[in-house]
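**Student:** Please find one structure pasted underneath; my questions will follow.
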Amino acid sequence: MSQMNSKTIIHADCRFFLGYIPCRFHKSEGAHCENCSHYDRIEEKILIIKLGAIGDVIRTTPLLEKLKVEHPKAAIWWLTLTPEILPPTVDRKLKFDLANTLYIENVDFDLLINLDKDPEACALAKRITAKTKFGFTLIDGVPSPVNSLAQQKYITGLFDDISKANTKSYPEEIFEICGYRFNGEKYQINRDGIEGSWNLPTDKKIIGLNTGCGARWKSRLWPEEYWIELAKRLKTVGYEPILLGGPDEDERNKRIQKASGALYIGHFPLKKFIGLMDRCDLIVTAVSMAMHIAIALDKKLVLFNNIFNKNEFELYGLGKILEPPNCQCYFAAECDHDCMKDLKTNDVYDAVVELLSAPTDSI
């Protein structure tokens, strides 16, 4: 609500009001509350808790579009380990730490959405005051559904056979947890500062080859010699392959570059990595952070999958999922028979050519 101190009017209910420092419009325009044309009254507060991996955070952002429609006068807060990835539609981007935990525990929210089943996220969801809660909480020391809307998603995380039988994408699942129906709402990402300066060819299609798969699920790793063969074939037909990855992929990418002639210009902080991906016309990757960034950037995509239920991935018509035949290593960190060797270079090459030959809306 608005407050008056002596003769000074303060709109504490404004979307841009911070309370401990001047708002951005006072700093840029010298505006005061009583005459500010940017006053945007907040009627609700919504908190999203999605702490985890960057890809998990990005694939949760389709909810923002729906929340903006259903709650146009709400301020959306989001607690996460990676607030820098969140788009401008999030009003308060909070890093998960002690200071912000103390902060949100002393705010009264109208709606809380916790989509993490980790004990710390569920414990926090239980402690926070909110009129309505969706997702997961803590009951008797165990992560549990808040209500029946989250029951199915909860069960798929407990039993592999039920998870395998799931036919819904992750966006469908999280929308249902919140009582909504998914209608193709898109990923959102913070594009501020991602451009970068890249000395890349402008007369060729650039194919990003993301050669890693993260440290947790080594069973997703495609053989190094296959990446070399793919890069060589792409170069032969006039495409420009560029190797993508982080510090864990650096030595591998240097070996692939030397053997194939593909471009490799190093690994970068997250925002710069996103900027490099944004210069690509198509991304080849296993299920990883790069997959979700590619979707958020509307890039065509060849996706390798072996250990997850492919139905959980919403590609928005941007690409193709390729899987090795007869893989049985569901949610396995290691594959006893190294099934990714059965995903052949020819199939990947054909998928790249097919996708680049077709307009996005026909994929």
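Residues checked against (1) surrounded by fewer than 18 Cβ atoms within 10 Å (Cβ to Cβ); (2) in the same structural domain as K7 (by TED's automatic domain parsing); (3) in contact with a helix residue (DSSP H, G or I) (Cβ under 8 Å, 6 or more places away or on another chain):
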| position | (1), (2), (3) |
| --- | --- |
| I21 | yes, yes, no |
| E29 | yes, yes, no |
| R41 | yes, no, no |
| T60 | no, no, yes |
| L63 | no, no, yes |
| K68 | yes, no, no |
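**Student:** Looking only at region 225-278, which residues are under 12 Å from N210 (Cα atoms), aromatic (F, W, Y) and either more than 24 Å from the chain's Cα centre (by Cα) or modelled with pLDDT of 95 or more (or both)?
**Tutor:** W227, Y264
**Student:** Quick test for you: out of T156, T82, pick the one residue that is surrounded by 14 or more Cβ atoms within 10 Å (Cβ to Cβ), at pLDDT below 95 and under 22 Å from A296 (Cβ atoms). Steps first, please.
**Tutor:** Values: T156 fails: under 22 Å from A296 (Cβ atoms).
Among T156, T82, only T82 is surrounded by 14 or more Cβ atoms within 10 Å (Cβ to Cβ), at pLDDT below 95 and under 22 Å from A296 (Cβ atoms).
**Student:** Determine whether S197 is hydroxyl-bearing (S, T, Y) and modelled with pLDDT under 95. It would help to see each step written out before you state the result.
**Tutor:** Numbers: hydroxyl-bearing (S, T, Y): yes; modelled with pLDDT under 95: yes.
Yes.
**Student:** Could I ask something else about it? Within region 23-47, restricting attention to residues that are within 30 Å of D116 (Cβ to Cβ) and in a loop (DSSP other than H, G, I, E, B), which residue is modelled with the lowest pLDDT?
**Tutor:** Our first condition is that a residue be within 30 Å of D116 (Cβ to Cβ); within region 23-47, this holds for 40, 42-47.
If we keep only those that are in a loop (DSSP other than H, G, I, E, B) too, we end up with 40, 42-43.
Working: D40: 90, I42: 94, E43: 96.
Only one residue tops the list, namely D40.
**Student:** Does P72 satisfy being touching a residue at least 12 places away in the same chain (Cβ under 8 Å) and part of a loop (DSSP other than H, G, I, E, B)?
**Tutor:** Details: touching a residue at least 12 places away in the same chain (Cβ under 8 Å): no; part of a loop (DSSP other than H, G, I, E, B): yes.
No: the conditions fail for P72.
**Student:** Starting from region 238-252, take each residue that is among the β-branched types (V, I, T) and list its partners that are not in a loop (DSSP other than H, G, I, E, B), counting only C-beta distances under 9 angstrom and pairs at least six apart or across chains.
**Tutor:** Going by the 9 Å Cβ cut-off, the qualifying pairs are I242/I206; I242/I207; I242/G208; I242/L209; I242/L263; I242/L276.
**Student:** Hey, does region 96-106 have a residue that's in contact (Cβ under 8 Å) with a residue 24 or more places away in the chain, among the β-branched types (V, I, T) and either surrounded by fewer than 19 Cβ atoms within 10 Å (Cβ to Cβ) or not assigned by TED's automatic domain parsing to the domain that holds Q152 (or both)?
**Tutor:** no
**Student:** Oh, and also: Which of (1) buried (at least 17 other Cβ atoms within 10 Å of the Cβ); (2) of a type in the set (A, V, I, L, M, F, W, C); (3) in a loop (DSSP other than H, G, I, E, B) is the odd one out, the single condition I174 does not satisfy?
**Tutor:** Going through (1) buried (at least 17 other Cβ atoms within 10 Å of the Cβ); (2) of a type in the set (A, V, I, L, M, F, W, C); (3) in a loop (DSSP other than H, G, I, E, B) one by one, I174 breaks only (3).
The values are calculated or read from the model by the stated rules, or taken from the named source; none is laboratory data. Predicted, not measured: the structure shown is a model, and the values here were computed from it. No Cβ is skipped: glycine too gets one built from the backbone with ideal geometry, and neighbour counts run over all protein chains shown.
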